[in-house]
Amino acid sequence: MTNIFGAADILLPKTNEIDKWAVIACDQFTSQPEYWQEVKTNVGDKPSTLNLVLPECYLQPGYEKMIPVINANMEKYLQENLLECYADSYVYVERTLLNGAIRRGLLGAIDLETYSYDSKADCAIRATEQTVLERIPPRVAIRENAPVELPHIILFCDDGEDKLIGTCEANKATYPVLYDCELMCGGGHIKGWLIQGEAKQTIDKCFADYVAACETKYAGETPVVLAVGDGNHSLATAKACYEKLKAQLSPEEAANHPARYALVEVENIQDEAQAFEPIHRIITNCDVQKLVTKMEQAIGAPEGFEVQWLAGAEHGLIKVDPAKGKLAVKTVQDFLDGYLAQESGDIDYIHGEDTVANLAKQEKTVGLILPPFAKEALFDSIQAQGALPRKTFSIGHAQEKRYYLEARKIR
């Protein structure tokens, strides 16, 4: 198994104001427009990835008019020579989180031929959760004519020896520093080092050894080498755009087209800094009492997984029947999908219990606090059963999501 993950031609801003340039993943704070207003205020008229992405907070009717502006901003930044290219490189990244933990990662490019978002796909790079297909077209509309990509995608490796990321950390003193700054709006600190030349070859070898270990572990099967930790729909969009483009090109053109690859950060799921947080549910415009009653009747039991519900000053606990499934989130999501197909209500996926509690104060709104998911079970679960239910877990809190910083040309 080759050409799964490797070095890339990575673009970085020439500006020293990385704190203005880097903004958080577009799918965060979707129910909190005040967050994005604060970002806009912080950025002002400085060069920023805010001008190169469409926060999903604004993904409302008429959003299509914003896409040509985004693409034009990308062209403008390229033409004004605001980005510097580091050819055939990796970037080793350390993200210091608000609790002081350091999340380590390696930025490079994956071959989209080795990835699928099909929940039952038998390939080296797999989705960890079910892909909501209706979320892809708006993202395709943004990416398909974009000259560059900006990743917030994080993929996990399951490297018990910590050879891949550990080698980067052990040798970072020999790498040039690319950036070292605070991230806006409570994002913590980030530092990145450039890996090129002989150092890159060492990392190539580490990844090849890791792939070999995966093949040994899952002998006789196509092993899960990398699993999507975050940015599932963004990676699915990259795949959809590439497949659409590939249909228009000759095999040779497609094989060498930059859109065949996607920029990602690979992190080790076994790193102690990897904190898996549950993603909670908020249902608005609903009959609260009816939803809670139906949920208790459909999936409740005397003993089971504990799911707390909040609605204004009211609250309660539903014990989800373990006989309905091994994952509480799947049982709850299956119920909500069926209920909302028949009854009024809109669902959103929320990080952080405090945020759920605040949103649940609204009229006709109920928040559901879900139990955590054990990260140690992820790779074996994906290998055996395919993708998990959508929005099963999150890497840390919303502020700890990946910020847009690096870029790569795809046209």
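Every listed requirement among (1) over 30 Å from Ser31 (Cα atoms); (2) within 29 Å of the chain's Cα centre (by Cα) is met by Phe276 save one, (1). None of Leu327, Leu336, Leu310 is touching a helix residue (DSSP H, G or I) at 6+ places or on another chain (Cβ under 7 Å) and buried (at least 16 other Cβ atoms within 10 Å of the Cβ) except Leu310.
Quick one: which strands (runs of 3 or more DSSP E) lie wholly within the stretch 143-221 and hold at least 2 residues that are in contact (Cβ under 8 Å) with a residue 24 or more places away in the chain and closer than 28 Å to Leu378 by Cβ?
154-157, 188-195
From the list Ile70, Ile24, Ile102, the one residue that fits, being in contact with a Phe, Trp or Tyr (Cβ under 8 Å, 6 or more places away or on another chain), surrounded by 15 or more Cβ atoms within 10 Å (Cβ to Cβ) and modelled with pLDDT of 95 or more, is Ile24.
Could you list, in sequence order, the residues of the stretch 280-299 that are assigned to a loop (DSSP other than H, G, I, E, B) and open to solvent by 40 Å² or more (accessible area, probe 1.4 Å)? Before you say what the answer is, go through the steps one by one.
Filtering the stretch 280-299 for residues assigned to a loop (DSSP other than H, G, I, E, B) gives 285-287.
Matches in the stretch 280-299: Asn285, Asp287.
Across the stretch 305-335, the qualifying residues are those that are touching a Gly at 6+ places or on another chain (Cβ under 7 Å) and touching a residue at least 24 places away in the same chain (Cβ under 8 Å), and the one among them that is farthest from Ile347 (Cα to Cα) is Ile318. When Arg408 is tested against (1) assigned to a strand (DSSP E or B); (2) open to solvent by less than 10 Å² (accessible area, probe 1.4 Å), only condition (2) is not met. Which members of the stretch 222-254 meet the condition of being in contact (Cβ under 8 Å) with a residue 40 or more places away in the chain and part of a loop (DSSP other than H, G, I, E, B)? Selection gives Thr222, Pro223, Val224, Val225, Gly231. Out of contact with any strand residue (DSSP E or B) (no Cβ under 9 Å at 6 or more places or on another chain) and open to solvent by 40 Å² or more (accessible area, probe 1.4 Å), is that true of Glu277? Spelling it out, it is not the case that Glu277 is out of contact with any strand residue (DSSP E or B) (no Cβ under 9 Å at 6 or more places or on another chain) and open to solvent by 40 Å² or more (accessible area, probe 1.4 Å).
The values are calculated or read from the model by the stated rules, or taken from the named source; none is laboratory data. Computed from a prediction, not measured in an experiment: that's the story for all the values here. Cβ coordinates were reconstructed from backbone atoms using ideal geometry, including for glycine residues, and neighbour counts include every protein chain displayed. Keep in mind that these areas ignore ligands, DNA and RNA; they rest on the heavy atoms of the full protein, side chains included. Shrake-Rupley method; radii C 1.70, N 1.55, O 1.52, S 1.80 Å.
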